[in-house]
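Here's the structure, in structure tokens; my notes come after.
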Amino acid sequence: MDLVVKAFLFKSDNSTEVRRLHLSLSRPGEVSGKFRQLHSQLAAIFPDLKEKSFIVSWKDSDGDYVLMSSDEELLEALSEIENKQLKVYITESPAELGDDATAALFPARAVKRKTRGPWMRVSEEEAGEHSVQDEKGWKTSLRDLVPTMHRRWAKGHIRQWRQKHLANGTTTGSSDGEKVVKVTAEEANVPPTYVKYLDTQVFRLHKVWAQEKPGKIEADFEEVKAAVPQAFQNWCRWYLKKTFGPNRTPRFRAEKNKAELKVNEAQGNDSKEKKKAKDSTGKKEAKAEQESNAWKKEWKAMRKQIRDAVSPNDREWTKKFIKQWRLENLAEADKSGYISKSSSSSSDSEGESKADTAKPKDGQENYARWLGLYLTQWHSNQKDVVLNQNTKEASDELKQIKDIEVPPSYRKWVKFYISRVLSKEKKDKQKEAEVLARRQYYRWMVLFQKKWAANLNDVTSASSGDEAETHEASQKQETSELNDVKKPRTIIERLQGIIDSDGEYENEMPVPPHSKPPSEFRHWALEIFRSWDCVTVGHGLPAEVSTTSVDEDVERELPPGVLNWMRKAMARIQVKRLRAELREARKQKEGKENAGADGDKKNSSQEGSKTSKHAHQE
């Protein structure tokens, strides 16, 4: 990877020269010898640095300038860059400058806030009492004596303490918008004495700023203070006063009594235990998921290994050859399912736009011969129609081609590519065919339901008219009873005629058996027929299927074999329903007749008893 380096050269006349350069890295994190390379490139692009020694520095997240003189320091700088751009700041070494230039560049190193940098310096009088302390400047010296990781940990620890103990802890800092890198005490390798010293010092200083009494110092604090380096103590005091001292008065949170503290502590322990149990469960689930998905990583690595074994030029030439071979050797019915998607279905990282410009492989004859034979064999196994090719001869010739002519790595990649990409295209084609067939099934069902409902109304009206003419002289009640029985029988006879017929209609030629609809359609249609009321059009179909836009020309839309099967299947189901209704009607009629006979017997017995009584009286 190429890293963009933006270099700023600060000259003795207070001018700045800016240039860009590229630093090549083999991979992220490997910077062996890269600082020397960067140093030589900087000396080459800046004419003023030729045959001179100079100092290279970079700006960290705290806004401080850190010297860079080794590969390790370069790696630390790379860990904090953004947008793959490293900014370095260059100053000439004091040994290469005169007294005036040295005094101009390094008078005091006293830095004003928001104007930090070697190009914005103040005079010795403006800098204060520390301006002549050393050549680097008193703030720079104070910072450099404390390790970077210790400073980062201390900044984060101070902010956490303020958020925990102060009600206005997030609004009283002068650098609340400053980017702070979170570092734990273990990562910074900080001793426990640092933590206790910093907690005590921060508490006492904030009490003073809040104009409260800081309280007595613990007896062991002096021992803790003695174990902490003086440089760390000085830097902590300076950082606290610079960042938080001059701002708004801190306001401590209200202290809780001991009972509340115990309750909160117990609740905190319970929540910690629950969180710990939850974390352990989550870790187990994450581990199980990781183990279950391990095969994906292995599969991805294997795919990459197979692909990288063949050069990109060979892969592009092979794709182009396969596309051309299918155009020339596949039948039109099979060709359309592959060619229309070949350019978009490939999941390799290389684009198809490069295939047209790919150069042919050296020894193209052997590769083309083997590839053509393999494609013939593969498409034959897929039941595709291959023109002007003999599958058996292709299999025999494939065995005769040696590995020297076509390497096994190339063969493996071709088989992998064809089985993964072309098989996917075949499956997509089958899915499209299933969708089209399902739409055709919906259309057939709507057309049949319309036709059947219309014919059923005609049968009902005709049968009722015939029965009315036949029993014109009968009484109205008897006619109604006869109609209730004979009307279903007439419909059954008409339906039975449909079942017994060979063709679509009684006077039509028989329909060949092979013209029946597919078994999938037959099972689906029978389920709808069993619950259909023979009136509602669109029953059993999805809501999005339109029943009004279908062509009314049933004979043209419905194939004869499909219509014949649907009529017979629906007739059988309807006959079963009507016969069940007839049986129920007979049972009800017999029940009424039995009830009438019982009533007549009772009346006759009562009349006989009255007659015998009168005879006895006489």
More than 38 Å from the chain's Cα centre (by Cα), of a type outside the set (S, T, N, Q) and within 16 Å of T318 (Cβ to Cβ) - does that describe any residue in the range 372-392?
-> yes
The range 390-407, residues that are modelled with pLDDT of 80 or more, within 20 Å of S419 (Cβ to Cβ) and surrounded by 12 or more Cβ atoms within 10 Å (Cβ to Cβ) | A394, S395, L398, I401, V406, P407
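For E618, indicate whether it is more than 20 Å from R438 (Cα to Cα), surrounded by 13 or more Cβ atoms within 10 Å (Cβ to Cβ) and at pLDDT below 85. Give the derivation first.
Working: more than 20 Å from R438 (Cα to Cα): yes; surrounded by 13 or more Cβ atoms within 10 Å (Cβ to Cβ): no; at pLDDT below 85: yes.
For E618, the condition - more than 20 Å from R438 (Cα to Cα), surrounded by 13 or more Cβ atoms within 10 Å (Cβ to Cβ) and at pLDDT below 85 - is not met.
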Are there any pairs, at least 6 apart or on different chains, whose C-beta atoms fall under 7 Å, with the first in the range 371-385 and among the hydroxyl-bearing types (S, T, Y) and in a helix (DSSP H, G or I) and the second crowded, with 20+ Cβ neighbours inside 10 Å and at pLDDT 85 or above, and if so, which?
-> Y374/V414
Quick one: in the range 55-75, of everything that is farther than 18 Å from L42 by Cβ and of a type in the set (D, E, K, R), which residue is surrounded by the fewest Cβ atoms within 10 Å (Cβ to Cβ)?
-> E72
Since F448 meets every condition but one in (1) buried (at least 18 other Cβ atoms within 10 Å of the Cβ); (2) at pLDDT below 85, which condition does it not meet?
-> (2)
Among the numbered criteria (1) modelled with pLDDT of 65 or more; (2) under 30 Å from S311 (Cβ atoms), which single criterion is violated by L387?
-> (2)
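Go through the range 283-293 and report how many residues are within 18 Å of the chain's Cα centre (by Cα) and closer than 30 Å to F416 by Cα. Steps first, please.
Of all residues in the range 283-293, those within 18 Å of the chain's Cα centre (by Cα) come to 286, 289-290, 292-293.
Those still in the list that are closer than 30 Å to F416 by Cα too: 289-290, 292-293.
The total comes to 4.
Here's the yes/no breakdown for (1) part of a loop (DSSP other than H, G, I, E, B); (2) free of Cβ contacts under 8 Å to residues at least 40 places away in the same chain; (3) in contact with a helix residue (DSSP H, G or I) (Cβ under 7 Å, 6 or more places away or on another chain):
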site: L198; (1), (2), (3): no, no, yes
site: V202; (1), (2), (3): no, no, yes
site: V208; (1), (2), (3): no, yes, no
site: Q211; (1), (2), (3): yes, yes, no
site: A231; (1), (2), (3): no, no, no
site: C236; (1), (2), (3): no, no, yes
The range 504-548 - residue that is polar (S, T, N, Q) and at pLDDT 80 or above and, of those, farthest from V575 (Cα to Cα) = S519
Quick one: what pairs do we get from the range 544-570, first residue assigned by TED's automatic domain parsing to the domain that holds W444, second in a loop (DSSP other than H, G, I, E, B) and at pLDDT below 65, C-beta under 6 Å, 6+ apart or different chains?
-> E557/D551; P560/E504; P560/V511; G561/V511; L563/E504; N564/E504; N564/V511
Do we have any residue at all in the range 253-274 that's at pLDDT 80 or above, part of a helix (DSSP H, G or I) and within 31 Å of the chain's Cα centre (by Cα)?
-> no
Restricting attention to the range 13-47, and to residues there that are assigned to a loop (DSSP other than H, G, I, E, B) and surrounded by 17 or more Cβ atoms within 10 Å (Cβ to Cβ), which single residue is nearest to the chain's Cα centre (by Cα)?
-> V31
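The values are calculated or read from the model by the stated rules, or taken from the named source; none is laboratory data. The shown structure was predicted, so the numbers you read here are calculated from the model rather than taken from an experiment. Reconstructed Cβ throughout: ideal geometry from the backbone, glycine too, with neighbour counts over all protein chains shown.
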